[in-house]
Structures are given as C-alpha cells and as structure tokens.
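The values are calculated or read from the model by the stated rules, or taken from the named source; none is laboratory data. Not measured: the values here are computed from a predicted model. Backbone-built Cβ (ideal geometry, glycine too); neighbour counts: all protein chains shown. Heavy atoms of the whole protein, side chains included, go into the accessibility calculation; ligands, DNA and RNA do not. Shrake-Rupley method; radii C 1.70, N 1.55, O 1.52, S 1.80 Å.
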Amino acid sequence: MSSDFSMPLIRPTGTEDFPRIWEIFRRVVEEGESYPQDEPWLTRQRVWDMWFGEGVRSFVAVEKGDVLGAYGLRANQPGRGSHVANAFFIVDPAYRRQGIGRAMALHALGEARRMGYEAMQFNFVVSTNTPAVRLWKSLGFRVVGVIPNAFRHKEKGLVDVWIMYRSLQDLDLPPT
C-alpha cells in the first residue's frame, strides 16, 4: 500500500456498492477463516439480503473511490432483544492491517449508540481469527460464551466460536 494512504471515508452503503461488497465477501468466505457461509449458501441474493435486507444498516469504507471494506449493523434479536446491536464486517484482503477494520468498528459502535442500542454482541467470532479477536478485545468486548468446535476452519479443522459482548453505556469515542 502506498504511503499516501489515509483513513477511509465511511458512508452509508448504496446499491452501486453491491458488486464490490459481493467481490470482497466472496473472497473472505473462500478464505475459510471467519465466516461460516460456503458455496451452496453463497448466492448473490443471499449476500444482497445480508447487506441490504430489512433492518440492516450497512456502511462502506471508501478511499479514492474504491470500497475497501464494509459493515452491517442490525438488532441482534427482535422484540425484547432489540436493544442489543449485532454487526458484521469485511475488509478486502489487499487492505488489511491498515486500520480500516478499526475505523469501521469505531464507526459501528458510535452508530449503534446513536441508534439507541444499549450494547453490542457478536454471536460467531471464530476463536482463531486473531486479528478480529484482538480488535474486539481492544475495544472493550469480552468473551461471554464459548461454542466448542462450532466452526470448520479451512486449515485448522474444528475450532471454537466465541460470543463477544460489550455495553455501549460507557462508550467513549473520539468525535467524528
């Protein structure tokens, strides 16, 4: 990556962003390290619904007109569980370790709080996904549950999945 890289603009996703989201999501899924979806599930319609479906607010990280990553934000559960947010993230493998995931995570936490959510929960964090685990822990998430051998890692076989949680009540974010 060139030295003139700066933090990306994070903006609401438009339908014109879908081809790039589709491309990045497919690559991330094919890596077999973080998302449980696989080829039979991976259709354009299902991915569209994931990012643009009812109740989802999605955002993209953009630099010089290119989508580098995206995240979706929604209620973790309906009704009596709708005060807890859930989010999912992808970063183009070519742009990892540049702070894009962190920028989107901070944006998502702030957006969730602005939307009135009281907490955020991730239901399926692959325990061997070290960069994601490190990021979530650095942002105050803690492991509140373990699902043994719930993910078939492409290279490591069966690995644990963690449920991670943090309150948004004490969230102290830098101004945007």
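Under the rule of at least 5 residues apart or a separate chain, name every residue whose amide H is placed under 5 Å from the amide H of Val126.
Trp162
Give the cross-link partners of Lys137 among the lysines, using a straight C-alpha distance below 27 Å as the criterion and excluding same-chain residues fewer than 8 apart.
Result set, ordered by chain and number: Lys154, Lys156.
Heavy atoms of the protein only, probe of 1.4 Å, neighbouring chains included. What is the accessible area of Ile21 in Å², nearest 10?
0 Å²
Which longest run of the chain has no exposed loop site in it, a site being trypsin sites (Lys or Arg not before Pro) in a DSSP loop with at most 16 other beta carbons within 10 Å, and the site itself not part of the run?
With a cap of 16 other Cβ atoms within 10 Å, the longest stretch comes to 1-63.
Over the chain, with every protein chain in place, what whole percent of the accessible area is carbon and sulfur at 1.4 Å, could you tell me?
Roughly 50 percent, rounded to a whole number.
Using the eigenvalues of the Cα gyration tensor, what equivalent ellipsoid semi-axes result for the range 119-176 when each is taken as the square root of five times the eigenvalue, whole Å, largest first?
Ellipsoid semi-axes (Å, largest first): 26, 12, 7.
Counting only residues 5 or more places away or on other chains, whose amide H sits under 5 Å from the amide H of Leu68 once H atoms are built in the peptide plane?
It is Ala61, Val62, Glu63, by chain and number.
Using the heavy atoms of the protein chains and a 1.4 angstrom probe, tell me the accessible area per residue for the chain in square angstrom.
With the other protein chains kept in place, the chain gives 54 Å² per residue.
If all Cα-Cα distances of the chain are sorted into 10 Å bins from 0 onward, what percent lands in each bin, rounded to whole numbers?
Here the calculated profile for the chain is 9, 37, 41, 13, 0.
In whole Hz, what ³J(HN,Hα) sequence does the range 129-142 give by Karplus (6.51, -1.76, 1.60; θ = phi - 60°), x for Gly and Pro?
7, 3, x, 5, 4, 4, 4, 4, 5, 5, 9, x, 6, 10
When N counts the residues of the range 1-79, how does its alpha-carbon radius of gyration compare numerically with 2.2 N^0.38 Å, as a ratio?
The range 1-79 yields a ratio of 1.19.
Which whole-Hz couplings ³J(HN,Hα) result when phi for each residue of the range 47-57 is put into the Karplus expression 6.51 cos²θ - 1.76 cosθ + 1.60, θ = phi - 60°, listed in order with x for Gly and Pro?
These are the phi-based 3J(HN,Hα) values: 5, 4, 4, 4, 8, 10, x, 4, x, 9, 10 Hz.
For the range 29-45, in order, what is each residue's ³J(HN,Hα) by Karplus, 6.51 cos²θ - 1.76 cosθ + 1.60 with θ = phi - 60°, in whole Hz (x at glycine and Pro)?
Coupling constants for the range 29-45: 4, 5, 4, x, 10, 9, 10, x, 4, 9, 3, x, 7, 6, 10, 4, 5 Hz.
In terms of solvent-accessible area of protein heavy atoms at a 1.4 angstrom probe, what is the ranking of Met115, Met120, highest value first?
The ordering from most to least exposed comes out as Met115, Met120.
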